[in-house]
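Since the structure comes first, as structure tokens, the remarks are kept for the end.
The values are calculated or read from the model by the stated rules, or taken from the named source; none is laboratory data. Here the structure is a predicted model, which means the values were calculated and not measured. Here Cβ is always computed from backbone atoms with ideal geometry, including for glycine, and neighbour counts include all displayed protein chains. Just the protein is used for accessible areas: all its heavy atoms, side chains included, with ligands, DNA and RNA removed. Shrake-Rupley method; radii C 1.70, N 1.55, O 1.52, S 1.80 Å.
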Amino acid sequence: MRDIRNIVVLTGAGVSAESGIDTFRDAGGLWEQHRVEDVATPEAFARDPDLVHRFYDARRAAIQTKAPNAAHAALARLDAAWPGELLIVTQNVDDLHERAGAARLIHMHGEHLNAWCSACDQRSPWTGPLIDRPACPACGLPGTLRPDIVWFGEMPYRMDEIYHALARADLFVSIGTSGAVYPAAGFVREARAGGARTLELNLEPSEGGYWFDEARHGPATALVPQWVD
Ligand code: BV8
């Protein structure tokens, strides 16, 4: 087996579950009887922007009351100590990886704490509930901000960098994701094609669990420190 120098870690909602942030399996369909797929789309935003703003304003407020857990902390320790290449790709839009200290990090599905202006196309730090139609910090226009979140049907961020890292990876570790959403769900196959070993750390087997060389099942706050340390 070749030495492990370059690592790619993919995280999903399961890594933040023990911080008290609902995963999509828990929240899906529970929120005002809407499936996330029905609320997290450009069409939903065009159809009913207040519904979508309420959904994201509520989730953003909830995130700000949560703290990183032992899994986020272990990944931050790995990031600080790993001498080779390391990239943490998160599907999550919370900022718990950053607050734990991770630096080599990509939010492929956007970030709750940013807003994106449809008038000037600038992204800026979120300043308050978007349902109140605050002015864009960059261009000053009111009512032009949307959540800086990649919705279903939209292209995830920084995919070139992610595929480049997957092609070079010696080890791919998927943590706390159901493997239900693409293109993230296909990363394990990209990594395998590049010759990487693949490891899944998840509460239960994911939809793509059979693609992994090894799988360990249990809570992330137990499995991730055990793997990192
Ligand atoms: C795109 C932001 C193309 C929103 C999100 C048919 C086949 C294949 C693909 C498609 C298809 N139909 C449509 C598509 C494409 C679509 C897709 O994949 N749909 C799915 C539903 C089939 N994908 C897209 O649209 C993507 N874009 O394809 O663009 C394109 C090309 C060119 C030009 C333009 C466009 C964009 C997808 C991004 C959508 N946005 N997030 C928001 O956050 O509000 S997705 C959202 O759901 C999350 O970000 C995440 O990615 C996904 C949920 O997944 P998980 O994170 O895995 O969460 P989940 O709850 O599902 O699972 C949690 C896991 O944790 C479970 O396994 C559980 O067991 C585990 N767990 C729980 N507790 C713990 C734990 N594990 C450990 N410890 C614990 N304590």
Restricting the first residue to segment 137-164 and requiring it to be farther than 14 Å from residue 183 by Cα, which pairs with a second residue that is of a type in the set (Val, Ile, Thr) meet a Cβ separation below 7 Å and a spacing of at least six or different chains? 137/127; 149/93
For segment 154-180, enumerate the residues that are modelled with pLDDT of 95 or more, within 12 Å of the ligand (Cβ to nearest atom) and open to solvent by 40 Å² or more (accessible area, probe 1.4 Å). 154, 155, 157
Tell me which of these residue 126 doesn't satisfy, since it passes every other one: (1) among the aromatic types (Phe, Trp, Tyr); (2) within 13 Å of residue 91 (Cβ to Cβ); (3) modelled with pLDDT under 95. (2)
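Yes/no matrix, rows are residues, columns are (1) surrounded by 17 or more Cβ atoms within 10 Å (Cβ to Cβ); (2) assigned by TED's automatic domain parsing to the domain that holds residue 162; (3) over 16 Å from residue 15 (Cα atoms):
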| site | (1), (2), (3) |
| --- | --- |
| 94 | yes, yes, no |
| 98 | yes, yes, no |
| 116 | yes, no, yes |
| 122 | no, no, yes |
| 132 | no, no, yes |
| 139 | no, no, yes |
| 144 | yes, no, yes |
If you check 45, 24, 55, which single one turns out to be open to solvent by 30 Å² or more (accessible area, probe 1.4 Å) and in contact with a strand residue (DSSP E or B) (Cβ under 9 Å, 6 or more places away or on another chain)? 45
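Would you mind finding the one in 80, 61, 73 that is more than 9 Å from the ligand (Cβ to nearest atom), within 22 Å of residue 116 (Cβ to Cβ) and not in a loop (DSSP other than H, G, I, E, B)?
Result: 61 is the single residue among 80, 61, 73 that is more than 9 Å from the ligand (Cβ to nearest atom), within 22 Å of residue 116 (Cβ to Cβ) and not in a loop (DSSP other than H, G, I, E, B).
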Kindly check whether there is at least one residue in segment 106-128 that is among the charged types (D, E, K, R), assigned to a helix (DSSP H, G or I) and without any contact (Cβ under 8 Å) to a residue 12 or more places away in the chain. no
Do we have any residue at all in segment 181-191 that's surrounded by fewer than 17 Cβ atoms within 10 Å (Cβ to Cβ) and either more than 23 Å from residue 112 (Cβ to Cβ) or charged (D, E, K, R) (or both)? yes
Residue 39 vs. criteria of a type outside the set (Ser, Thr, Tyr), free of Cβ contacts under 8 Å to residues at least 24 places away in the same chain and open to solvent by less than 20 Å² (accessible area, probe 1.4 Å): yes
Failed item, numbered, when residue 198 is tested on (1) assigned to a loop (DSSP other than H, G, I, E, B); (2) farther than 30 Å from residue 58 by Cβ; (3) open to solvent by less than 10 Å² (accessible area, probe 1.4 Å): (1)
Looking at this structure, is residue 185 among the small types (Gly, Ala, Ser) and in a helix (DSSP H, G or I)? yes
